[in-house]
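A short worksheet on the structure shown next.
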Amino acid sequence: MAETNGVNSNSQEVPLLDFGSDGINYNPKFVTSEIFSSDDAAVEWARNIAISNGFKLVKSSWKRGELYLRCNRGERNRGKGRNLETAEQPNTKTQACGCKFLIKVAPCKDGEGWNIVLGPEQHSIHNHELITYRECNRQMSSLSLGAKQLVRDMSSAQARPNVILAAIQEQFPEENPNRRHIYNFRDRMRRNDAEGRDSISQFLHLAKESDYLHYIREEAHVVTHAFMAHPTSVKLLRTYPWVIGMDSTYKTNIYKMPFLEICGVTPCNKNFLIAYAFMKDETAESYGWVLDKLRLLLGNEVHPTAIVTDRELGLMRPIREIFPRSKHLLCSWHINKDVEAAVGNICGNKIMGERFKNGKWKRIMEAPTSVEYDLAVLNMQDSWREGN
């Protein structure tokens, strides 16, 4: 049963400033005859009661085997052992306003369980207005069990967080979550699914679980290269091996490793992902290792008609060596971007670079015959000759 006068008070306390207090004694809200099996269970119960009344409780301190819970807008005693005249005031923002609301969780006298102990009236009133908008308070707007299950189901269906949030707001209108709740819960889901495995171990576990064809290269027990291909992607590759495109991002993942994507093209001009690879660097050796694995997927008797890349120097030699009968073409999109940037630098005007790319250069790139190509080049030279 809840006890009273269990929280020590100081009869000479300085009166607190009023920040919109309603003057209500909240102790009766915490009166209960329930005996809790653990201190955590008692804390959870007290926090839920506080949230339902528009404020939050946080753990303050342990004293003599008892746990004190205070209002989150109260203040811990930070002045002991410091020279307050020379101490620097930290440049921080705080909601603390010295609220004295305080209760404690204490073991029962017979040692069987825990109960809630209430203090005198001066520790039962808040000196501030209570929370009105729960959306801004994570503790108050957390996900319910039903909402968490909805996040699990929609995450399995590859739904985006903003879509999940809209579904929660529609199905659970009484709750007030925000997008950060979705991100945090999905992160906890991933950690739980990993069952203690680190990122690389989980990566390999999921690859094996989904029957990915995968190759790993290690140096000194550290993964330096990883190649992954889904079985369906391999079937598509072996059906449509004629045109293959490759492009890598430059250290845009948390491991600071180049990420190479390999794509194919169907006769309907639709792209499909063949494989992807992480590499420790963008050297010819790393690209050669990846292309060796691609050759294993294709077989030695299959030769793509064309391999399209940007002008990545590390790819040039490995493509010639591993796919000697395939034409190596440079990606027109990358060429156009480079031409636009070069002309813009020469003219000192980005608009001139864009004008050149979309005018004379476009006619050269899209010339259907060699004759029209030569004419377009001559026309470009006449129009953009120095001094014109």
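The values are calculated or read from the model by the stated rules, or taken from the named source; none is laboratory data. All of these numbers come straight from a predicted model, not from anything done at the bench. Virtual Cβ from ideal backbone geometry, glycine too; neighbours counted across all protein chains shown. All accessible areas refer to the heavy atoms of the entire protein, side chains included, with ligands and DNA or RNA removed. Shrake-Rupley method; radii C 1.70, N 1.55, O 1.52, S 1.80 Å.
Descriptive notes on the structure:
- Angle in degrees between helix 370-383 and the longest Cα principal axis of the chain, rounded to the nearest 10: 70
- Sites listed here are chymotrypsin sites (Phe, Trp or Tyr not before Pro) in the stretch 133-234 whose DSSP assignment is loop and whose Cβ has at most 11 other Cβ atoms within 10 Å: Tyr133.
- C-alpha long axis of helix 332-347 to longest principal axis of the chain, angle in °: 90
- Ligands, DNA and RNA are left out, and with a 1.4 angstrom probe the accessible area of the stretch 151-191 is 66 Å² per residue.
- Order of exposure, largest accessible area first, which applies to Arg179, Arg238 with probe 1.4 Å: Arg238, Arg179
- Order of exposure, largest accessible area first, which applies to Cys71, Cys331 with probe 1.4 Å: Cys331, Cys71
- Prolate/oblate/rounded label for the chain (Cα gyration tensor, a/c 1.5): prolate
- For the stretch 256-265, Karplus couplings with θ = phi - 60° (6.51, -1.76, 1.60), whole Hz, Gly/Pro x: 6, 10, x, 10, 9, 9, 10, 10, x, 10
- Charges were assigned to the Cβ only: +1 to each Lys and Arg, -1 to each Asp and Glu. The resulting dipole of the chain about its Cα centre is roughly 380 debye.
- The Cα atoms of the stretch 194-278 give a gyration tensor whose axes a ≥ b ≥ c have a/c of 1.5 or more with a/b greater than b/c, which makes the shape prolate.
- For the stretch 207-329, carbon and sulfur atoms together expose 53% of the accessible surface, with a 1.4 angstrom probe and every protein chain in place.
- Between the stretch 189-241 and the stretch 329-368, the Cα center-to-center distance that results, in Å: 39
- In Å², nearest 10: area of Met365 left accessible to a 1.4 Å probe: 80
- Candidates Gly348, Gly196, Gly146, ranked by Gaussian network fluctuation over the chain, Cα under 10 Å, top entry: Gly348
- The stretch 336-388: relative contact order as a whole-number percent, Cα under 8 Å and 6+ apart: 22
- Surface calculation, 1.4 Å probe, protein heavy atoms: Trp114 sits at approximately 50 Å² accessible.
- Cα gyration tensor shape of the stretch 284-375, rounded if a/c is under 1.5, else prolate or oblate by comparing a/b with b/c: oblate
- The chain: calculated mean residue ellipticity at 222 nm from DSSP helix runs of at least 4, using -39500 (n - 2.57): -11500 deg cm²/dmol
- Ordering Trp62, Trp289 by accessible surface, largest first, gives Trp62, Trp289; the 1.4 Å probe counts only protein heavy atoms, with every chain in place.
- Compared with the dominant principal axis of the Cα atoms in the chain, helix 313-322 is inclined by about 60°.
- Highest GNM mean-square fluctuation among Ser142, Ser52, Ser248, for the chain modelled with Cα contacts below 10 Å: Ser52.
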